Amino acid sequence: MKLTLKVWRQNGPKEKGKIATYQVDDISEDMSFLEMMDVLNNELIEKGEDPVAFDHDCREGICGACSMFINGEAHGPGRGITTCQLHMRSFNDGDTIYIEPWRAAAFPIIKDLVVNRSAFDRIIQSGGFISVNTSGNTLDANAIPIPKSDADAAFDAATCIGCGACVATCKNSSAMLFTSAKISQLSLLPQGKPEAKERVVNMVKQMDLEGFGNCTNTGACAVECPKGISLENVARMNREFLLASTTKS
Amino acid sequence: MANTLVHNFFDPKFVTLEIIPNYFKMSGASALIKSSLAKKYWMALTGLFLCFFLIVHLAGNLTLLAGDSARAGFNAYTKFMTSFVPIKVASYITYLGILFHAVDGLLLTLKNRKARPVKYAYEKPQVNSIWSSRNMGVLGTAIFVFIVLHMGNFWFRYKFTTLPTDVDGNFDMYGVVVESFKMEWYVGLYVLCMAALAFHLYHGFWSAFQTLGVNHPKYTPAIKKLGFGFSILIPLGFAIIPIAVYVMNL
């Protein structure tokens with residue numbers, strides 16, 4: 001395959017960026033999108049140019065590191081996949097592909113396609129945990145009976161890999177799908193109940209502090225989410241926050 | 001005070017693994033006024049209230065379809081609606097509701113713009129969301145302009161100008177409405193604005209429930225269907241009236 005790539009290049013957080021155009025010729029349709037980027041970078045290095053910086057780690061769709069806004073969609077075309085699971089057979093020979101970083105004030109660009117997603121870490125730190133007494137007789141988690149439907153819903157929320165596709169996709173750069181998944185995975189379970197009110201208030205507050213936008217319920221996040229996180233989580237966050245902020249002392 | 005230390009989260013020196021201090025813990029009151037979610041709750045509540053107002057407004061308007069025989073009844077109804085105190089109070093609450101909904105929407109839009117200072121060069125939003133959900137501000141602005149024109153044309157003239165009276169001595173509001181609906185451009189504009197209202201309601205009705213936390217596999221399909229029906233029937237009901245009056249007076 002021969003492709004024309006339009007890639008966002010930016011040297012550093014404060015530098016001015018621009019779209020650079022590259023041609024790549026020997027691309028197999030069996031390559032993943034990241035392998036195609038590796039081919040591009042090899043060519044750039046051979047030419048003595050600076051390779052394109054992009055995030056990647058597990059390359060099997062479970063770590064949430066790879067990002068990239070490809071041809072107008074987070075993780076490119078296709079549903080339920082990350083960029084490493086996107087294959088070049090999804091494109092045609094001769095295509096022009098736009099590759100841009102996640103765009104959000106809360107995700108400042110570090111270099112090229114790499115953005116700083118530590119805002120997500122700070123949201124989790126503000127309440128995405130349960131306090132467990134570890135001094136001695138730790139309880140077996142399975143000692144508490146949990147309805148199957150609750151366990152399943154909590155697990156579905158917990159599959160969020162924190163990749164940031166929801167923020168990148170949302171026209172408002174809202175992080176509500178992410179935050180609500182992290183709230184739901186705990187509040188649905190008995191172990192998460194004691195801190196549920198504080199958790200939702202603190203995590204929403206931190207989300208606001210980071211400068212994410214407001215959800216307008218377009219639902220684009222849930223469509224582009226590689227893990228299929230549902231908008232039901234956002235509704236759960238909405239009602240828990242409403243209840244918590246009206247009843248919390 | 002244990003935690004008086006203030007962090008700048010955007011400072012690159014900020015260490016992610018540092019324990020977050022408690023200083024930002026929100027009180028209940030500020031959570032319900034200042035938070036991102038609070039602005040959304042108010043948007044949803046005022047929106048649903050305005051949906052209810054639309055039903056009441058349409059019920060009165062539909063009497064116009066009876067033609068000239070509705071003149072005395074419509075004029076008496078207008079007088080009742082503008083003089084009965086509980087209705088007057090309700091109408092001022094409605095004006096406030098509209099203004100609140102518009103200002104809150106504007107504030108949310110401005111904050112959302114700030115959240116994405118650099119736009120994408122290539123966007124394909126149509127593959128993951130519907131047009132009306134992305135253009136609520138534009139649709140809302142069209143509706144707001146319509147409301148201003150509409151108030152100027154009917155409410156202002158009723159309140160602040162001298163109108164001819166009918167057989168019962170009531171101001172002939174029926175006559176004013178019919179005169180307006182004889183003008184093609186006015187009928188066209190009215191129908192166009194009702195289309196904007198339809199798209200606004202199509203996203204807004206369901207969206208209000210989602211914002212208030214009502215999303216459940218058992219009920220959400222029904223709420224979406226109800227919203228779809230509401231977004232078609234109410235604007236259609238309003239739009240039929242100027243067309244019918246125009247046709248009846250050809």
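No value in this document is a laboratory result; all are computed from the given coordinates. These figures come from a predicted structure and were not determined experimentally. Backbone-built Cβ (ideal geometry, glycine too); neighbour counts: all protein chains shown.
Computed from the alpha carbon atoms alone, the convex hull of the range B:122-187 holds 127 Å³ per residue. Cα centroid separation, the range B:214-250 to the range B:157-197: 22 Å.
With respect to chain A, whose longest principal axis is taken over its alpha-carbon atoms, helix A:232-247 is tilted by about 40°. Our helix-only sum for chain B, with -39,500 (n - 2.57) per DSSP H run of n ≥ 4 divided by its residues, gives a mean residue ellipticity at 222 nm of -22000 deg cm²/dmol. Summarised as an ellipsoid, chain B has semi-axes of 45, 21, 17 Å, derived from the eigenvalues of the Cα gyration tensor scaled by 5 and square-rooted, with the largest first. Shown for B:M151, A:M176: other C-beta atoms within 10 Å of each C-beta, ranked fewest to most, produce the order B:M151, A:M176. Positive contributions from Lys and Arg (+1) and negative ones from Asp and Glu (-1), summed over other residues with Cβ under 9 Å from the Cβ of A:S126, come out at +3. In degrees between 0 and 90, to the nearest 10, how far off the longest principal axis of chain A does helix A:196-209 point, with axes built from Cα atoms? The two axes meet at around 30 degrees. Among the listed pairs A:K248/B:K40; A:K182/B:K225; A:K205/B:K39, a Cα-Cα separation exceeding 25 Å is found for A:K182/B:K225. With N counted as the residues of the range A:168-210, its alpha-carbon radius of gyration over 2.2 N^0.38 Å works out to 1.25.
Using the structure shown, select from A:K171/B:K218; A:K227/B:K224; A:K16/A:K111 the pairs with a Cα to Cα distance greater than 20 angstrom. Listed pairs above 20 Å: A:K171/B:K218; A:K227/B:K224. With neighbours defined as other Cβ atoms within 10 Å of a residue's Cβ, the residues A:Y22, B:Y219 order from fewest to most as B:Y219, A:Y22. Put simply, the amide H of A:Y98, placed in the peptide plane, has neighbours under 5 Å in A:K6, A:N71, leaving out anything fewer than 5 places away on its chain. Restricting the calculation to Cα atoms, the range A:3-110 shows an Rg/Rh of 0.94 when the hydrodynamic-style radius is the Kirkwood one. Restriction of the trypsin sites (Lys or Arg not before Pro) in the range B:99-147 to DSSP coil positions whose beta-carbon has at most 15 other beta-carbons within 10 angstrom yields B:K119. The alpha-carbon of A:K2 sits under 17 angstrom from the alpha-carbons of these aspartates and glutamates, leaving out residues fewer than 8 places away in its chain: A:D25, A:D26, A:E29, A:D30, A:E35, A:D38, A:E43, A:D93, A:D95. Relative to one another, the C-alpha centroids of the range A:8-31 and the range B:102-121 are positioned 28 Å apart.
Each Lys and Arg contributes +1 and each Asp and Glu -1, all at the Cβ; summed about the Cα centre of the protein assembly as shown, the dipole is approximately 1700 debye. Label-to-label distance, B:A66 versus A:A143, with points set 7 angstrom from Cα along the beta-carbon direction: 7.4 nm.
The calculated 222 nm mean residue ellipticity attributable to helices in chain A amounts to -10000 deg cm²/dmol, summing -39500 (n - 2.57) over DSSP H runs of n ≥ 4 and dividing by all residues. Placing +1 on the Cβ of every Lys and Arg and -1 on the Cβ of every Asp and Glu, with nothing else charged, gives the range A:3-110 a dipole about its Cα centre of roughly 640 debye.
Shape index of chain A: Rg/Rh, with Rg the Cα radius of gyration and Rh the Kirkwood radius from the inverse mean 1/r over Cα pairs, equals 1.04.
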